[in-house]
Amino acid sequence: MGTGLAGRSVYAFGDSIVYGHVYPRSFVDVVAERAGMTLSKFARNGATVGADPHASGGQILAQVEEAPAAAPDFILFDGGTNDAESVFNGRYDVGTYSAELEKTLRTMKRRWPAAHVVYVSAHKLGSRDWDTQVALREETLRVCRNGNVAIADVFGDTPFDTRDDIHRAKYTFDDLVDGLPGAEGSGTHPNMAGITIFYVPVVTAGLEQISSS
């Protein structure tokens, strides 16, 4: 894209929105391919920031700890999507989430101090309790800003909102159709339209801004 991203390396951590759900490609794959970046993706479906024994993907912190020592140029990560269910169900509170997020960021910066860290907020989710989403979002933004972490704010900077049934049906998927993400999803996982229209421009712009600064 002519902005210094080509040839740069990126590690991606998080949950199914970063992994791709039942499809092996997500927004990070599209961003990296279009920009000519080298992607290493460590995200796991069902992952959480906080420790929840009921969550299927373990903690994002474990992804960070188990990744190679070689330093990437950029780190992209998400979090909070599955934590919203954990907090809503009383498995831990927002304060516990916040402390684990701080620990995760400290671990990233200890392991790769020169890497540029970017948090990618998920879109507005009709599949999660709204008040819990907002509470976790506010705490995540606070922790990221205090930690000098850039924010690619899909939640705040795009209209993607699966509380709107048209958005849910058009831009999210649960299952594959002929090997590709379908539509009419539950509102959590963006399909290729949701990825390319909403996620890719915001994340790419964030990376380009860092690269050119």
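Here are the numbers for this structure:
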| quantity | calculated |
| --- | --- |
| Matching option when the condition is touching a residue at least 60 places away in the same chain (Cβ under 8 Å) and closer than 20 Å to ASP131 by Cα, among GLY80, GLY50 | GLY80 |
| Tally of residues being among the small types (Gly, Ala, Ser) and assigned to a helix (DSSP H, G or I) across the range 185-213 | 6 |
| Residue identified as farther than 25 Å from GLY179 by Cβ and in contact with a Leu (Cβ under 6 Å, 6 or more places away or on another chain) among VAL64, VAL28, VAL49 | VAL49 |
| In the range 169-184, the residues that are within 18 Å of the chain's Cα centre (by Cα) and not in a strand (DSSP E or B) | TYR171, PHE173, ASP174 |
| Long-range neighbours under 8 Å by Cβ, at least six apart or interchain, first residue of a type in the set (Asp, Glu) within the range 113-130, second assigned to a loop (DSSP other than H, G, I, E, B) and buried (at least 18 other Cβ atoms within 10 Å of the Cβ) | none |
| Filter pass, ASP157 being farther than 30 Å from HIS116 by Cβ, modelled with pLDDT of 95 or more and surrounded by fewer than 16 Cβ atoms within 10 Å (Cβ to Cβ) | no |
| Subset of the range 108-122 [closer than 14 Å to LEU76 by Cα and either among the basic types (Lys, Arg) or in contact with a helix residue (DSSP H, G or I) (Cβ under 8 Å, 6 or more places away or on another chain) (or both)] | MET108, LYS109, ALA115, HIS116, VAL117, VAL118, TYR119, VAL120, SER121, ALA122 |
| Among (1) aliphatic (A, V, I, L, M); (2) in contact with a Lys or Arg (Cβ under 8 Å, 6 or more places away or on another chain); (3) assigned to a helix (DSSP H, G or I) - the single one ALA135 does not satisfy | (2) |
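One line per residue, one yes/no per condition, for (1) modelled with pLDDT under 95; (2) crowded, with 24+ Cβ neighbours inside 10 Å; (3) of a type outside the set (Val, Ile, Thr):
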site: MET1; (1), (2), (3): yes, no, yes
site: GLY20; (1), (2), (3): no, no, yes
site: PHE42; (1), (2), (3): no, no, yes
site: ASN45; (1), (2), (3): no, no, yes
site: GLY79; (1), (2), (3): no, yes, yes
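The values are calculated or read from the model by the stated rules, or taken from the named source; none is laboratory data. In this text, all values refer to a predicted model and were calculated from it rather than measured experimentally. For neighbour counting, all protein chains shown are included, and Cβ atoms are generated from backbone atoms with ideal geometry for every residue, glycine included.
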